[in-house]
Amino acid sequence: MIFSLTIGVVIHDFSLGGSERIAIRLANYWSEQGHDVTVFCGREHGQMLGLVSKTVKIVTSIPVIVRGRNSVQTLAYAAQKYFTLNPVDFCYVPGNYHWPVSYRLGKIPISSRPIIVSQISSLIYKPNRKPIFQKLFNFRMRFLLKKSDVVVAMDQVTAQQSNAILGRDDTIVIPLPALPVRSFPLSDLPSAVPYSVMAAGRLTEQKGFDTLINAFRLVVNVHPGAHLTIYGEGEDRSALEFQIETLQLQNNVHLFGYVSNIIPFLKENSLFVLSSRREGYGAVLLEALDAGCRIVTTDCTPAIRDIFLNTLVGKVVPVDDVLKLSEAIIEELSHFNSEIDFDSKKLDRYRINIGGDLYIKAVRTIKRYNQKV
């Protein structure tokens, strides 16, 4: 490294969320590389707080900002004030929810304004979104990101959509840095338990666990010993527990709760299922592939085509199709003991060192940054 940078990362808090998790991983990696990293947050609260490296500085808004309606706008003003008084080389804004932060950072005087790096973390065009709401989304995106120096998409389709909406041609693609620098060779992984299936995510409507549980009723009809474990917490827990009881799946489906690291569990199961109705990228798919898991996933994001599509490691099925989902799970469980034909080197571009370095490279190409140094 030629010289270190001062870096700001802004997140509302440390509650569960894919964007926040990636932001923490990037902050830790940049700090490990010798950069001076500050995470500015509204509140030091949430299950992921313990994931932050001790070398990363955490600064909390005064007064604290509790997540709620319009709280992200309050966070944005607080971040603007802090980084005006404590300038950094660049600020990373980790996703659509946090875009108001990008807008307020753009209000900092140019002499002390950081390079603003804004991430697109979820779908630009969501299924079933009405045209009027899509127009409003596009307007909001243009308004909030107009001063962003670097706009980052995680796949080429999203980058093209971003350029069309923003009227620019420089949205860059940085694959989701969801994986560690190194992983164990697949041959070194322990044998998975036969007919064991797992899923992971917040227990919300978005994740489609209700569809998965309905599908698993059909799976158990074929394989009575099949077992599904869902790792995660959320507001739908009670409804899912009632569904499990109604379908008489108490011996086959288990809601495990939140875990900070799902990798050990991925290595113990025969199959990973992503049943989401919509996803930004789906980091857990990458983690599952890296752990040597077979996969069944819904076609819930353009990133599916960026990662894999009907390869020998799994199947892609339509969103909310109980029958197709159950058939895919049944078929993949029949292969649980066969060798996975997958080149793990295909995952290298998703490793934190590759993605983390690409962000640094993007910042160093910005003309305004070069003028400052």
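Being at pLDDT 95 or above and either buried (at least 19 other Cβ atoms within 10 Å of the Cβ) or of a type outside the set (D, E) (or both) is true for just one of S260, S162, S187. Which residue is that?
Numbers: S260 fails: at pLDDT 95 or above; S187 fails: at pLDDT 95 or above.
Within the list S260, S162, S187, the selection yields S162.
So, in the stretch 67-82, how many residues would count as being in contact (Cβ under 8 Å) with a residue 40 or more places away in the chain and over 25 Å from the mean Cα position of the chain (by Cα)?
1
What are the residue pairs meeting all of these: first residue in the stretch 317-332, first residue at positive phi and outside any helix (DSSP H, G or I), second residue among the polar types (S, T, N, Q) and surrounded by fewer than 21 Cβ atoms within 10 Å (Cβ to Cβ), Cβ atoms under 9 Å, and 6 or more apart or on different chains?
As it stands, the answer is D320/T211, since those pairs meet every condition given.
Can you spot a residue in the stretch 6-15 that is farther than 15 Å from I116 by Cα and among the aliphatic types (A, V, I, L, M)? If you could, list the steps in order and put the result at the bottom.
Taking the stretch 6-15 as the starting set, the residues that turn out to be farther than 15 Å from I116 by Cα are 12-15.
Of the ones still in play, those that are also among the aliphatic types (A, V, I, L, M) are none.
No, there is no match, as no residue in the stretch 6-15 is farther than 15 Å from I116 by Cα and among the aliphatic types (A, V, I, L, M).
Anything in the stretch 54-74 that is surrounded by 18 or more Cβ atoms within 10 Å (Cβ to Cβ) and under 18 Å from I7 (Cβ atoms)? List them, or say none.
The one that is surrounded by 18 or more Cβ atoms within 10 Å (Cβ to Cβ) and under 18 Å from I7 (Cβ atoms): V56.
Considering only residues that are in a loop (DSSP other than H, G, I, E, B) and small (G, A, S), look in the stretch 266-287 and name the one that is nearest to V157 (Cα to Cα).
The initial filter retains those residues of the stretch 266-287 that are in a loop (DSSP other than H, G, I, E, B), namely 267-268, 275-282.
If we keep only those that are small (G, A, S) too, we end up with 275-276, 280, 282.
On the way: S275: 22, S276: 19, G280: 12, G282: 15 Å.
This residue is G280.
Out of all the residues in the stretch 146-159, which are more than 20 Å from the chain's Cα centre (by Cα) and either open to solvent by less than 20 Å² (accessible area, probe 1.4 Å) or within 20 Å of G18 (Cβ to Cβ) (or both)? Even if it seems obvious, please write down each step before you answer.
First, pick out the residues of the stretch 146-159 that are more than 20 Å from the chain's Cα centre (by Cα): 146-149.
S148, the sole residue that qualifies.
Being outside any helix (DSSP H, G or I), touching a strand residue (DSSP E or B) at 6+ places or on another chain (Cβ under 8 Å) and of a type outside the set (F, W, Y) is the filter here, so list the residues in the stretch 227-241 that pass it.
Matches in the stretch 227-241: H227, L228, T229, I230, G232, E233.
With Y359, Y369 as the choices, which residue is open to solvent by less than 70 Å² (accessible area, probe 1.4 Å) and either assigned to a loop (DSSP other than H, G, I, E, B) or at pLDDT 90 or above (or both)?
Numbers: Y369 fails: either assigned to a loop (DSSP other than H, G, I, E, B) or at pLDDT 90 or above (or both).
Sole residue among the options that is open to solvent by less than 70 Å² (accessible area, probe 1.4 Å) and either assigned to a loop (DSSP other than H, G, I, E, B) or at pLDDT 90 or above (or both): Y359.
Do the conditions hold for Y281, that is, is it modelled with pLDDT of 85 or more, within 17 Å of the chain's Cα centre (by Cα) and under 14 Å from G18 (Cα atoms)?
Values: modelled with pLDDT of 85 or more: no; within 17 Å of the chain's Cα centre (by Cα): yes; under 14 Å from G18 (Cα atoms): yes.
So Y281 does not fit the description; no.
Among the residues of the stretch 105-138, how many are assigned to a helix (DSSP H, G or I) and buried (at least 22 other Cβ atoms within 10 Å of the Cβ)? Walk me through how you get there before you give the answer.
Residues of the stretch 105-138 assigned to a helix (DSSP H, G or I): 105, 131-138.
From what is left, the residues that are buried (at least 22 other Cβ atoms within 10 Å of the Cβ) are 105.
Here the count works out to 1.
Which condition number does L51 fail, the rest of (1) touching a Leu at 6+ places or on another chain (Cβ under 6 Å); (2) open to solvent by 50 Å² or more (accessible area, probe 1.4 Å) being met?
(1)
Looking for whichever is of a type outside the set (S, T, N, Q) and touching a strand residue (DSSP E or B) at 6+ places or on another chain (Cβ under 6 Å) here; the options are P109, P87, P114. Which one fits?
On the way: P109 fails: touching a strand residue (DSSP E or B) at 6+ places or on another chain (Cβ under 6 Å); P87 fails: touching a strand residue (DSSP E or B) at 6+ places or on another chain (Cβ under 6 Å).
Just one listed residue meets the conditions, P114.
Being open to solvent by less than 40 Å² (accessible area, probe 1.4 Å), part of a strand (DSSP E or B) and modelled with pLDDT of 95 or more is the filter here; which residues of the stretch 242-257 pass it?
Passing the criteria: V253, L255.
The values are calculated or read from the model by the stated rules, or taken from the named source; none is laboratory data. Predicted model only: the values in this text are computed from it and were never measured. Quick reminder, even Gly has a Cβ in these numbers, built from the backbone with ideal geometry, and neighbours come from all protein chains shown. Accessible surface is based on the protein model in full, side chains and every heavy atom, while ligands, DNA and RNA are left aside. Shrake-Rupley method; radii C 1.70, N 1.55, O 1.52, S 1.80 Å.
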